[in-house]
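Presented below is the structure to which this report refers.
The values are calculated or read from the model by the stated rules, or taken from the named source; none is laboratory data. Note that the coordinates shown come from a computational prediction; the quantities given were computed from them, not determined experimentally. With ideal geometry, Cβ positions are generated from the backbone for all residues, glycine too; neighbour counts draw on all protein chains shown.
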Amino acid sequence: MVRPGATLATAIFGALLMINAGELRAGTTVERNGQLLEVLSFEHIKLGRGTAVVRTRLRNVDTGAVTEETFRPEERFPRVRIEKVEVQYLYRDGDQHVLMDTSTYEQFPISQELFEAAARYVRESDTLFLLRHEDRILGVEVPITVVLEVTATDPGFKGDTATGTFKPATLETGLVIDVPLFVNVGDRVKVDTRSARYLERAS
């Protein structure tokens with residue numbers, strides 16, 4: 001039903017901006033009580049007598065706090081459109097990091113707080129994504145995998161390909177991860193940025 005004074009197009013557009021709890025998926029961002037919440041995980045749980053709930057893990061986009069909440073499938077939230085802009089990391093300037101839009105060449109200084117997590121995986125000139133909601137910068141997103149050089153680790157042994165045995169290694173960004181024994185200083189390794197785990201040695 002269209003509200004008095006509203007056009008059909010306006011009503012349809014408004015409906016598209018809403019999402020039911022039953023439609024939530026990992027990566028979806030919604031607004032609740034004035035806060036932007038990103039869905040990290042969700043689970044549909046059936047209860048007795050045909051009822052069901054949706055159990056979610058939510059990350060507050062502003063504070064980074066993670067909470068677990070349960071909703072009825074029919075509960076509705078405003079859907080938030082997050083703009084993802086490809087940018088290049090230029091340099092650090094004091095407590096800020098400067099990024100450049102690769103299509104418009106516009107530069108964006110962002111705080112150390114917003115960039116801190118990405119800094120473990122990003123070098124100058126690397127490409128990543130700036131996340132914006134309307135005119136507000138929410139943070140940055142790095143690729144799912146990155147290739148980084150090992151700058152410090154205990155010496156490995158030639159031919160030592162034992163699986164399941166690891167040692168700590170420091171990468172060129174300062175990130176420390178566990179790598180197999182055969183990895184040496186100067187090797188380039190592929191890292192999963194979602195878990196900070198070694199994936200394989202890169203060529």
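What about residue 54, is it in contact with a helix residue (DSSP H, G or I) (Cβ under 6 Å, 6 or more places away or on another chain), hydrophobic (A, V, I, L, M, F, W, C) and more than 17 Å from residue 117 (Cβ to Cβ)? Break it down stepwise before answering.
Working: in contact with a helix residue (DSSP H, G or I) (Cβ under 6 Å, 6 or more places away or on another chain): yes; hydrophobic (A, V, I, L, M, F, W, C): yes; more than 17 Å from residue 117 (Cβ to Cβ): yes.
Yes.
What are the residue pairs meeting all of these: first residue in the stretch 181-198, first residue within 25 Å of residue 116 (Cα to Cα), second residue in a loop (DSSP other than H, G, I, E, B) and among the aliphatic types (A, V, I, L, M), Cβ atoms under 9 Å, and 6 or more apart or on different chains?
Qualifying pairs under 9 Å: 189/183; 191/175; 192/144; 193/142; 193/144; 194/144; 196/175; 198/183.
Under the condition of being among the hydrophobic types (A, V, I, L, M, F, W, C) and within 30 Å of residue 35 (Cα to Cα), which residue from the stretch 138-159 is modelled with the lowest pLDDT? Reasoning before the result, please.
Filtering the stretch 138-159 down to residues among the hydrophobic types (A, V, I, L, M, F, W, C) leaves 138, 140, 142, 144, 146-148, 150, 152, 157.
Then drop every residue that is not within 30 Å of residue 35 (Cα to Cα), which leaves 138, 140, 142, 144.
Numbers: 138: 82, 140: 89, 142: 92, 144: 91.
Filtering first and then ranking leaves 138.
Counting just the residues of the stretch 92-136 that are among the polar types (S, T, N, Q) and in a strand (DSSP E or B), which one comes out surrounded by the most Cβ atoms within 10 Å (Cβ to Cβ)?
Taking the stretch 92-136 as the starting set, the residues that turn out to be among the polar types (S, T, N, Q) are 96, 102-104, 107, 111-112, 125, 127.
Next, only the ones that are in a strand (DSSP E or B) stay: 96, 107, 111, 127.
Details: 96: 15, 107: 12, 111: 12, 127: 13.
Here the residue is 96.
How many residues does the stretch 18-40 contain that are more than 26 Å from residue 112 (Cα to Cα) and surrounded by 14 or more Cβ atoms within 10 Å (Cβ to Cβ)?
Of the residues in the stretch 18-40, 7 are more than 26 Å from residue 112 (Cα to Cα) and surrounded by 14 or more Cβ atoms within 10 Å (Cβ to Cβ).
Output the residues belonging to the stretch 61-91 that are in a strand (DSSP E or B) and aliphatic (A, V, I, L, M). Even if it seems obvious, please write down each step before you answer.
Within the stretch 61-91, the first condition is being in a strand (DSSP E or B), and the residues that meet it are 66-71, 76-79, 83-91.
Within the stretch 61-91, 66, 85, 87, 90 qualify.
Of all residues in the stretch 178-203, count the ones that are under 26 Å from residue 26 (Cα atoms) and among the hydrophobic types (A, V, I, L, M, F, W, C).
3
Out of the residues in the stretch 106-137 that are modelled with pLDDT of 90 or more and among the β-branched types (Val, Ile, Thr), state the one that is farthest from residue 191 (Cα to Cα).
Only one residue fits best here, namely 110.
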